[in-house]
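Contents: one structure, followed by commentary.
The values are calculated or read from the model by the stated rules, or taken from the named source; none is laboratory data. Values in this document were obtained by computation on a predicted structure and should not be read as measured data. Please note: Cβ atoms are built from the backbone with ideal geometry, for glycine as well, and neighbour counts cover all protein chains shown. Areas reflect the complete protein model, heavy atoms only, side chains present, ligands, DNA and RNA absent. Shrake-Rupley method; radii C 1.70, N 1.55, O 1.52, S 1.80 Å.
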Amino acid sequence: MDTASPQPAAQAVPADETELHYPFPRPSAVEVPPVYEKLRGECPVAKVRLPSGDDGYVVSRYDDVRTVLSDLRFSRAAMLAEGAPRLTAAPPMGGSLFTMDPPEHTRLRKLVSREFTARRVQNLRPRIQEMTDELLDGMEKLSPPVDLNPTFAFPLPVMVICELLGVPFEDRDRFRGWSDAFVSLTSHTAEEVIEQRMSMVTYLGELVQRKRDEPTDDLMGALVQVHDEDGERLSEIELITMGITLLVAGHETTVSMIGTCALTLLRHPEHLEALRKNPESADKVVEELLRLNPIGDGGPFRITLEDVEIADTVIPRGSGVIASVCSANQDPGRFGDAPGAFDPARPTASAHLAFGHGAHFCIGAALARAELQIALTSLARRFPTLALADEVANLSMTSGMMVHALQRMPVTW
């Protein structure tokens, strides 16, 4: 049973704040914005100025965030409506799982969901382990200190999603530039984002044609076949945007999480050693790491289809709403005392919302969990003396993007 203290009645803006600008500043690479604690206590539905310049709301308490993520009155498809508030200056991309509501979202999701089931991912684990070992073999040959990002955290998820989709791994540097634009809050102009999107649409369109000319036994090849057999189940633009969605979402967040989760373990060497000695504990360790380490800012973003009351605050119809998973995952009302502490034995850790909730629950959650478990246990086993090669205070996160990632992750052994 949760033992949270009663929380005060909500107000639209904290008493000492005139205007909040989202995203909120982070004190360091390992801390979430401290304003969330204040918002959860005083203003769980807060008016904010979004990166686009539009007004919106941030919802910060765990139960309220779950409501926003699962209540169909908070729409993703409505982001495409003319005049709708925008999270960023660039317009959202239509035809994507990210900008659809049921039943259209359900129709597209069913086409790929079987490739990401727990059973399917379990069958992929030996191959993921092979890729991991290959990268660690290369890392072991280097002279420390080594930046974990380009040697391990980035290539592993890219290798996995490229093989699953049937996308050439040698094009990974192009993916990096495209992905940075796709997850931009303020790091790219609207024109730059649109230009990068068009480049990726062209690339995926060419890939689709190659797979149409020479069928392949991979996910993109299967989707091409679905479209060619019945265009009503999957249109050409939906096929291309599905490829973009899976390619970007399939590696961007996992790249970030490998780095930040490794950093957390290195800051708690006793837990890294425990993981090395007991790799079977990886599932619990990873759940707590997912809870503790925010993937980033920027969403999930929704538009209200009608007036909705949340935490005694009425959010008007047509409002932009950010369900702050970052804040929800450190809500003491759900995770008890010291929610900002790393505790792999925390009994409620698996209740985190790192993968979302409701209809838009991350389709690749099982795959991401497997990659993190394999990556972190393999690092601990291969490098028993692994240590951070710089002060935490000298590390920083990428800025102006929806997905946070360490700019560098120097390690030694």
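Looking only at residues of region 43-72 that are under 21 Å from the mean Cα position of the chain (by Cα), open to solvent by 10 Å² or more (accessible area, probe 1.4 Å) and among the small types (G, A, S), we find that the one that is nearest to T99 (Cα to Cα) is S70.
Restricting the search to region 73-104, which residues are among the charged types (D, E, K, R) and open to solvent by 60 Å² or more (accessible area, probe 1.4 Å)? Walk me through how you get there before you give the answer.
Narrowing region 73-104 to residues among the charged types (D, E, K, R): 73, 76, 82, 86, 101, 104.
Those that are among the charged types (D, E, K, R) and open to solvent by 60 Å² or more (accessible area, probe 1.4 Å): R73, E82, R86, E104.
Considered as a group, the residues in region 199-234 that are assigned to a loop (DSSP other than H, G, I, E, B) and over 17 Å from K110 (Cβ atoms) include one that is nearest to the chain's Cα centre (by Cα), and that residue is D218. Being at pLDDT below 95 and on the phi < 0 side of the Ramachandran plot is a condition met by at least one residue of region 51-62. Taking every residue in region 42-67 that is free of Cβ contacts under 8 Å to residues at least 60 places away in the same chain and pairing it with any residue that is assigned to a helix (DSSP H, G or I) and buried (at least 22 other Cβ atoms within 10 Å of the Cβ), at least 6 positions away or on another chain, the pairs with Cβ-Cβ distances below 7 Å are A46/L39.
Matching residues to (1) under 20 Å from D64 (Cβ atoms); (2) small (G, A, S); (3) at pLDDT 95 or above:
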site: N293; (1), (2), (3): no, no, no
site: D297; (1), (2), (3): yes, no, no
site: D307; (1), (2), (3): yes, no, yes
site: I310; (1), (2), (3): yes, no, yes
site: A323; (1), (2), (3): yes, yes, yes
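Inspect all residues belonging to region 188-211 and state whether any of them is closer than 26 Å to P23 by Cβ and touching a His at 6+ places or on another chain (Cβ under 6 Å). Checked against the condition, which is being closer than 26 Å to P23 by Cβ and touching a His at 6+ places or on another chain (Cβ under 6 Å), region 188-211 yields no hits at all.
Tell me which residues, restricted to region 139-148, are open to solvent by less than 30 Å² (accessible area, probe 1.4 Å) and either closer than 18 Å to S396 by Cα or under 25 Å from the mean Cα position of the chain (by Cα) (or both). Residues satisfying the conditions are V146, L148.
If only residues of region 361-397 that are open to solvent by 40 Å² or more (accessible area, probe 1.4 Å) and under 13 Å from the mean Cα position of the chain (by Cα) are counted, the one that is nearest to F154 (Cα to Cα) is R369. Within region 280-300, one or more residues are without any contact (Cβ under 8 Å) to a residue 40 or more places away in the chain, in a helix (DSSP H, G or I) and either open to solvent by 20 Å² or more (accessible area, probe 1.4 Å) or closer than 30 Å to A81 by Cβ (or both). Scan region 379-405 for residues that are in contact with a helix residue (DSSP H, G or I) (Cβ under 7 Å, 6 or more places away or on another chain) and within 13 Å of T151 (Cβ to Cβ) and the total you get is 3.
Specify which of the listed residues (T202, T189) is open to solvent by 50 Å² or more (accessible area, probe 1.4 Å), under 17 Å from G243 (Cα atoms) and of a type in the set (S, T, Y).
Values: T189 fails: under 17 Å from G243 (Cα atoms).
On inspection, the qualifying residue turns out to be T202.
Against the list (1) in contact with an Asp or Glu (Cβ under 8 Å, 6 or more places away or on another chain); (2) open to solvent by less than 30 Å² (accessible area, probe 1.4 Å), the condition L136 fails is (1).
The set of residues from region 111-158 being in contact with a Gly (Cβ under 7 Å, 6 or more places away or on another chain) and of a type in the set (F, W, Y) comprises just one member, F116.
Quick check on region 155-168. Is at least one of its residues surrounded by fewer than 16 Cβ atoms within 10 Å (Cβ to Cβ) and over 21 Å from the mean Cα position of the chain (by Cα)? Talk me through it step by step, then tell me what you get.
Looking only at region 155-168, we keep the residues that are surrounded by fewer than 16 Cβ atoms within 10 Å (Cβ to Cβ), and these are 168.
This time we only want the ones that are over 21 Å from the mean Cα position of the chain (by Cα), so: 168.
The answer is yes, given that some residue of region 155-168 is surrounded by fewer than 16 Cβ atoms within 10 Å (Cβ to Cβ) and over 21 Å from the mean Cα position of the chain (by Cα).
Does any residue of region 3-11 turn out to be modelled with pLDDT under 85, open to solvent by 60 Å² or more (accessible area, probe 1.4 Å) and of a type in the set (S, T, Y)? Write out each step before concluding.
If we filter region 3-11 for residues that are modelled with pLDDT under 85, which is where we start, we get 3-11.
Still in the list and also open to solvent by 60 Å² or more (accessible area, probe 1.4 Å): 3, 5-9, 11.
Filter again for of a type in the set (S, T, Y), leaving 3, 5.
Yes, region 3-11 contains at least one residue that is modelled with pLDDT under 85, open to solvent by 60 Å² or more (accessible area, probe 1.4 Å) and of a type in the set (S, T, Y).
The condition (being open to solvent by 20 Å² or more (accessible area, probe 1.4 Å) and either modelled with pLDDT of 95 or more or aromatic (F, W, Y) (or both)) is satisfied by just one residue among R107, R119, R40, R114: R40.
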